[in-house]
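One structure is given below, encoded as structure tokens.
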Amino acid sequence: MAHLVESMAFVRETPWHGLGNRLPDKQPLEVWLEAAGMDWEIKTTDVLFRIGTGNNFNVHSNPDAKVLYRSDTLAPLSVVSPRYKVVQPKEILEFYRDLVSLGGFELETAGVLKEGKKLWALAKTGEETVLKGGDRVKGYLLLATSCDGTLATTAQFTSVRVVCNNTLQIATNDRAGAIKVPHSTKFDPLVVKQALGVGASAWDAFAEKAQALSGRKVNRMDVTKYIIDVLGDRMPPLPSSPMKRL
């Protein structure tokens, strides 16, 4: 399935795919950790290879690579270099502990994707803007990482309620104000939070643009041009000169 959700927890509205454990509001992080299926660790071991055939073989290790695997199922996650810095599932949720207790944030969703290869947690910031027509757009703080090198550990403000791989990609594709920590660098939550103090202005910029767009009147020509730009023209004009026969 495109959502790639293995496990997740959420509050309030059920995600579009109908999966996950619904929690009451303001649950402690320990409850979130279990309900989201994130109560395991990423372990590291050597990469081994066999030389020889049949019963006549020797086993060697590769010092330039390590295997990451899950502590609960022992399932392999990826093969990485020894320099790869792991971010544990528990660290993703612990990132929000002081923000929830002191900063007025509230956890919204958290979970595991691709059998443990991607992890995320999302908190509601309390920021909200109301567009014309009563459409409410909420602000969230996302923290996501991967075990397979497909995503740097990323913290950013977003208007996307992340509940699956699709929505995670949508959120992280918007790089405005995002703080990205490559897996060659140790993840330091304090440094990231300090950097996010600057990134918080990204929500204000988004809200301003959203208000401007919601107030713009759109005519039929605008709609037609937009649809053609996105989907292509189903009835393109015929060429002015006849085509030459081969």
Mean Cβ neighbour count within 10 Å, used as a protection proxy, ranking 182-191, 8-17, 49-58 highest first
8-17, 182-191, 49-58
At a threshold of 8 angstrom on Cα-Cα distance, excluding pairs fewer than six apart, so keeping six or more, what relative contact order does the chain reach in percent?
15
Ranked packing of 110-122, 126-138, most packed first, by mean Cβ within 10 Å
110-122, 126-138
Inter-label distance, nm, simple model (7 Å from Cα along the C-beta direction), Asn58/Arg97
4.8
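Below 8 Å, C-alpha to C-alpha, sequence gap of six or more: please give me the relative contact order for the range 9-133 in percent. Don't skip to the answer; put the middle values down first.
Working: 186 pairs, mean separation 27.0, N = 125.
Normalised by residue count, the contact order of the range 9-133 is 22 percent.
Using a Förster distance of 45 angstrom, determine the FRET efficiency expected from the C-beta separation of Ala195 and Asp233, and round it to 0.05.
Numbers: r = 44 Å, r/R0 = 0.99.
It comes out at approximately 0.50.
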Can you give the net charge of the other residues whose Cβ lies under 11 Å from the Cβ of Val80, counting K and R as +1 and D and E as -1?
+1
What distance in nm lies between label points placed 7 Å from Cα along the C-beta direction at Ala65 and Arg136?
5.1
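First check a/c for the chain, with a ≥ b ≥ c the square roots of the eigenvalues of its C-alpha gyration tensor; if it is under 1.5, answer rounded, and if not, answer prolate when a/b is larger than b/c or oblate otherwise. Intermediate values should be presented prior to the final figure.
Details: a/c = 2.27, a/b = 1.29, b/c = 1.76.
The shape class here is oblate.
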Hey, which of these cross-link pairs are over 23 Å Cα-Cα: Lys90/Lys186; Lys124/Lys217; Lys118/Lys186; Lys43/Lys124?
Lys124/Lys217; Lys43/Lys124
Using every pair of alpha-carbon atoms in the range 63-197, split the distances into 10 Å bins beginning at 0 and state the percent of pairs per bin, rounded to integers.
12, 42, 32, 11, 3, 0, 0
For Glu34 and Thr14, compute 0.36 nm times the residue count separating them, minus their Cα-Cα distance, and round to one decimal in nm.
5.4 nm
GNM on the chain, Cα springs under 10 Å; top mean-square fluctuation among Ala155, Ala123, Ala195 goes to Ala195
Between the range 18-92 and the range 128-144, what's the alpha-carbon centroid distance in Å?
34
Could you please report the charge total around Val181, scoring K, R as +1 and D, E as -1 over all other residues with beta-carbon less than 10 angstrom from its beta-carbon?
+2
Taking the chain and counting helices only, DSSP H stretches of n ≥ 4 at -39,500 (n - 2.57) each over all residues, the nearest-500 ellipticity at 222 nm comes to -7500 deg cm²/dmol
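Here, each number is a calculation from the coordinates, and none is a lab measurement. This structure is a prediction, so every number in the text was calculated from the model and none was measured. Note that we place each Cβ from the backbone using ideal geometry, even for glycine, and neighbour counts take in every protein chain shown.
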